[in-house]
Amino acid sequence: MSTPDQARSGRTSEANRLTSATKTGRAVEVYDTTLRDGSQLEGISLTVDGHSQVAGYHMSGEIIGVEGIGSDHYGCQAVALEDTEVCVMPFERLEAFGRKHLRFQHNVHRLLSLEIGRQHRVMLLLGTMLAERRLAVFLLDLADRYRDRGYSSCEYVLRMTREEIGSYLGLKLETVSRLFSKFQRDGLVQVQGRTIKLLDRISLRRLVENSD
């Protein structure tokens with residue numbers, strides 16, 4: 001049985017090997033564009049008629065650019081909504097590292113599975129839900145993701161503008177603004193600029209689950 005010091009040493013060694021398998025992280029300033037071959041931190045892609053479309057909203061610890069694994073190019077562009085840092089991980093290096101370290105390979109597969117599931121939920125969101133339910137799902141999803149990162153799940157700052165939220169949810173700017181006002185009147189949320197406080201999560205979830 002290994003001692004605590006040996007276990008820590010093993011984790012440090014594995015972390016060092018992972019660092020060597022990735023490219024150096026680089027700072028990205030707010031509104032900077034990265035993965036210029038077409039990717040995103042806020043996911044923006046071009047529609048057939050040439051208009052931009054927000055295709056995703058990514059947070060720390062999440063993988064972006066998954067579509068590039070199979071096609072060797074990115075179909076969208078990543079834009080930083082706040083000063084951040086990205087770590088570029090060439091997939092061929094991750095594969096080689098994963099073959100030697102099965103626990104790491106399992107975690108990569110788990111992250112890829114979660115991303116596929118997230119994209120599937122977005123498709124259902126845009127294809128089947130009414131406007132109110134779309135916004136409710138969006139707010140609750142953000143709350144859950146902040147909670148998973150150790151932050152408050154009841155109050156957080158929206159980094160996206162109302163227009164960007166509308167683009168992501170397939171709604172007009174006026175509709176998004178009207179829904180935020182309605183949610184506030186109904187006592188579901190409190191809105192102060194970009195700060196959102198969820199006042200009644202139960203009713204929000206009931207709104208999402210309502211099939212009417």
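The values are calculated or read from the model by the stated rules, or taken from the named source; none is laboratory data. In this text the structure is predicted, and so the values were computed from the model without any measurement. Here the Cβ positions follow ideal geometry from the backbone for every residue, glycine too, while neighbour counts run over all protein chains shown.
Summary of values
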read-out	value
Residue check, residue 138 touching a helix residue (DSSP H, G or I) at 6+ places or on another chain (Cβ under 8 Å) and modelled with pLDDT of 95 or more	no
Number of the exception - residue 171 against (1) in contact with a strand residue (DSSP E or B) (Cβ under 6 Å, 6 or more places away or on another chain); (2) at pLDDT below 95	(1)
Tabulated pairs, segment 181-196, first assigned by TED's automatic domain parsing to the domain that holds residue 142, second of a type in the set (Lys, Arg), C-beta under 9 angstrom, 6+ apart or interchain	188/182; 188/201; 189/197; 190/197; 191/197; 194/159
Subset of segment 55-105 [of a type in the set (D, E, K, R) and in a loop (DSSP other than H, G, I, E, B)]	62, 67, 72, 82, 83
